[in-house]
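The structure appears below as structure tokens.
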């Protein structure tokens, strides 16, 4: 019997029994690993291990995490698996044998989650669970996935504007008078250039061309892995998609705010990143901009929206101003116009209604002339 530490919080159990060697990977603390090792030993001696249908869910989850997540997907997606396993799936299914997990058990579990969480969270949990069982099928661990005919709540299809034009004007006025130059600049980059939170935080002095009012968006701060597959947060990585790498002409108010903010900086690190925590010289975290923005919304009695939604507000303003979808898609860094059309269908419908009204008026005027 042996417990081998593979990397941070990753262990391998090896047990020899009746001439056979049994191994299992485990992800957790040393204390959790010792308990899991003892449970693994009991399963081996009882003959439960080796009969794949009797594998426990936590064994399958650990196998998927170590053999798939750490090696074949983006670190950000790996973090989603990790979160869904640790917070949602392992507490419910962890000690259950795969053969004991049934579709109705999964349906009840998903119903409980749907009662507590928003659609996107429930959908993410469902996707992780479904793919985990599919790996078990693909790897010949089980013959058939129990994730079958599971019903999820439907996404609310009611589409409405995030904010009225009057509220957008109010928000712009709030930030025009904001004395916090860092958050003012970040707000303007989001609503004026369509930049994502991660893209803003990665911005460097070299990315800003004040002579031509250009912002070069060629990277973001996100998650990556070290050589052992462990997740590293807030490191410079490539943009979300190839289409996300772009150069954006910035409105004058954005460049003015950036110029004022950069001039106020006492310290700029060797990386030349400008959105930094002055107490430690490191880039601000992904929650910094979001928390401050939420506080501004609530402090001014406005219905809160996400910082990320400022990109949507820019698209709304551009669409109401008659800018074509292709230009908006390029500015937002969407991989294609289909993404833009899918996200902003409501705004396009409203614009199309205006076009119909214009045509109606035009035709009526022509008839009067006749």
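The values are calculated or read from the model by the stated rules, or taken from the named source; none is laboratory data. The structure displayed is predicted, hence computed values, not measured ones. Positions of Cβ are backbone-derived with ideal geometry, glycine not excepted, and every protein chain shown enters the neighbour counts.
Worth pointing out:
- Residue pairs meeting the criteria (Cβ under 6 Å; at least 6 apart or on separate chains; first touching a residue at least 12 places away in the same chain (Cβ under 8 Å), in the range 246-259; second crowded, with 21+ Cβ neighbours inside 10 Å and assigned to a strand (DSSP E or B)): 246/217; 248/215; 250/215
- Looking only at residues in the range 276-294 that are out of contact with any strand residue (DSSP E or B) (no Cβ under 6 Å at 6 or more places or on another chain) and assigned to a loop (DSSP other than H, G, I, E, B), the one that is modelled with the highest pLDDT is 285.
- Residues (free of Cβ contacts under 8 Å to residues at least 24 places away in the same chain and farther than 30 Å from residue 11 by Cβ) located in the range 220-245: 238
- The range 263-292, residues that are within 18 Å of residue 220 (Cβ to Cβ) and loosely packed, with under 14 Cβ neighbours inside 10 Å: 269, 272, 277, 282, 287
- 3 or more residues at negative phi and modelled with pLDDT of 90 or more: qualifying strands (runs of 3 or more DSSP E) within the range 162-255: 214-217, 220-225, 231-237
- Condition check for residue 319: surrounded by 13 or more Cβ atoms within 10 Å (Cβ to Cβ), part of a helix (DSSP H, G or I), in the same structural domain as residue 198 (by TED's automatic domain parsing) and at pLDDT 90 or above: no
- Search result, residues across the range 178-207 that are more than 17 Å from residue 283 (Cα to Cα) and touching a helix residue (DSSP H, G or I) at 6+ places or on another chain (Cβ under 7 Å): 178, 188, 190, 191, 192, 193, 194
- Residue 135 satisfies every condition listed in (1) in a loop (DSSP other than H, G, I, E, B); (2) surrounded by fewer than 20 Cβ atoms within 10 Å (Cβ to Cβ) except (1).
- When residues in the range 237-246 are screened for being in contact with a strand residue (DSSP E or B) (Cβ under 6 Å, 6 or more places away or on another chain) and under 20 Å from residue 286 (Cα atoms), 2 of them pass.
- Any hit, the range 33-53, residues being modelled with pLDDT of 75 or more, in a strand (DSSP E or B) and either under 35 Å from the mean Cα position of the chain (by Cα) or surrounded by 12 or more Cβ atoms within 10 Å (Cβ to Cβ) (or both): no
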